[in-house]
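The structure appears right after this line, and notes come after that.
Every number in this text was worked out from the coordinates using simple rules, so none of it is lab data. On a predicted model such as this, the values are computed, not experimentally measured, just so you know. No Cβ is skipped: glycine too gets one built from the backbone with ideal geometry, and neighbour counts run over all protein chains shown.
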Amino acid sequence: MSRPAALTAAVEPGRFQRRHRMLVMAGLLSALLLVPAWSASLAMIGLSAGYLAAMSVSAWHRLAATFACLLLAAGVLWLGPPGPLPWWQWLVALYFPLVIILLNLNHLWAVPGMVAGLLRGVTIVLLALLAAAYWAWALPLSLLAVIPLTPLALGLVLGLLEHLRRRWLASPAQRQGRISVLLVCKDEIDRIDECLGRVAGWADEIVVLDSGSTDGTLERVRRYTDRVWETDWPGYGRQKQRALERCSGDWVLNIDADEYLSEELKREIDARLAQPGNIVAFRIPWVSRVFDGLVYFGADGRYHKRLFRREGARFNDADVHEDVVLDGRVATLGAPVCHDTFRDYAHMRAKFTDYSLISARAMHRRGRKASPGKAWLRGLGSFLLLYVRRMGCLDGRRGLLMATVYAAYTFDKYAALWSLSRQPPSRSD
C-alpha cells in the first residue's frame, strides 16, 4: 500500500474532529476543577469515557472505555452524591454538560438529512432528560440524586449522534450542481497521481495551473484532465484566482498537490450538496502524515474553507496562506482532507523558511513592525498555541516536533520582518 493510501486507510472517523476532542478534554479539565468533590469529578470523567465508548471505531477502544465507565459509575455510587459545592464548582458542573449538549445539538441540526425527524426529536428529548438528571444528581437538587449512571448514559447518547452521522454518510446521495477541482502545482510528480487519482471520475472538472514544472508533472497531470495551463508564479492567492476564473462548476474544491480526499470526505460532500440550503462554503479539517506517523491536533487543529460556491467567490492577493473571500453562511464538514505534509526534514525546513520570508515581506509592505524580543515572544506564543491550546501534546513526539518547528517558523517570520525594517528602502523589497 502506498503512503497516501495508508494515510487515508488509517484515518479513523471522529478521532480528529474538533468537537470530539473539545468534549473529552473539557470533561477531564472539569473533573480536575471539581476536586475534592470526588463523586462529581468521577462523574465528569465517566461522561467523557462514555462519549469515547460510543464514538470510537475500534471495538477494543469501545470495550475499554465502556469498562472504564462502569468502574467510574461504581466509584460514584460508592462515594454518593457530592455535598454542597462552592459557587465556582457549581458553575463548572453546570457549564460542561450544557456545552457538550449544545455542541452536539448544533451538529445534529447542521445535517438535517441525517436522521428522520421523529428520531431526531427523541434524541433531543433524551438528551434533555439525561442532562436534567445529571444536574439534579451533581448539584444535588432532588431525589434524582440516586442516578449514578447518568454520566455514562449521557456520553452514550451523545456518541449516538456520531454513529447516526456515519449511517447517513453510508447511504447513497446525488449531489446537486457540478464540482470543479482547483489545483496549482510545480514539480509534484511524486504526489500528483494520488492527489488527482482520488478525484478523477468523482469531480465534474479538474482545473490545473502549473508554474514551470521540469520533472514531468505536466505530462502526468494530462492523464487526468485537459484543462491545464502553464503560467508564471505571482503568489498563491493570485495564482489560485487565475485558476478559479477558469472553473465552470457550481462548486469549487480547492486542494493542493500534497493533499488527498478520503472516501468518507467525498461521501460527505455528496450528501451535503444533495440538500438544498443557503450555505456558500464548507470548512474542512486536516489530518496529516508527518514522518510516517499521523497527527490530529496542533497545527492540524484548524479548518480551512476549501469547498465553496463559485459565484461571488474570489481569492485574496496573499503571497502565502491565501483565503477565499465570499459572503454568506459557512458550515463545517467532519471528514478530513488527508495531508502528506513533508517529504523529509530538509523539505519541511525549506518550506517553512520560504513561507516565513514571504510572510515577512508581505507584513513589511503593510507597514508592520517587529523586534527581536517580539519575534521571541511570538515564537513562544506559537508553541503554546499548538502544543497546549490545540493539544499538540496528544500527538506525542510528532506533536512536540511540529509545535517546535512552527515556533521556529514564527520566530523567523518576525525576525525577518525586523531585519527588513533595518535595511535601506531600496533593499527592503
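What whole-number distance in Å separates the alpha-carbon centres of the stretch 193-214 and the stretch 165-185? Centre-to-centre distance over Cα atoms comes out at 16 Å. Extension gain, W90 to A346: 0.36 nm times the residue separation minus the Cα-Cα distance gives 87.0 nm. Over the stretch 345-427, what is the relative contact order in whole percent, taking alpha-carbon pairs under 8 Å and six or more residues apart? Here the relative contact order equals 46 percent.
Computed across the stretch 179-340, the Kirkwood hydrodynamic radius from all distinct Cα-Cα pairs reaches 16.1 Å. Candidate cross-link partners of K305 among the lysines, defined by an alpha-carbon separation under 21 Å and a same-chain spacing of 8 or more, comprise K240, K266. In a DSSP loop and with at most 16 other Cβ atoms within 10 Å, the trypsin sites (Lys or Arg not before Pro) in the stretch 219-294 are R222, R223, R246. Computed over neighbours whose Cβ is under 13 Å from that of T404, the net charge equals +1, Lys and Arg +1, Asp and Glu -1. In this calculation the C-beta distance from R422 to D323 is compared with R0 = 22 Å, giving a FRET efficiency of 0.15.
Less than 16 Å apart at the alpha-carbon level, and either on another chain or at least 8 residues along: which lysines does that give for K369? Filter leaves K413.
For the stretch 155-248, the relative contact order works out to 30 percent when only alpha carbon pairs closer than 8 Å and six or more residues apart are counted.
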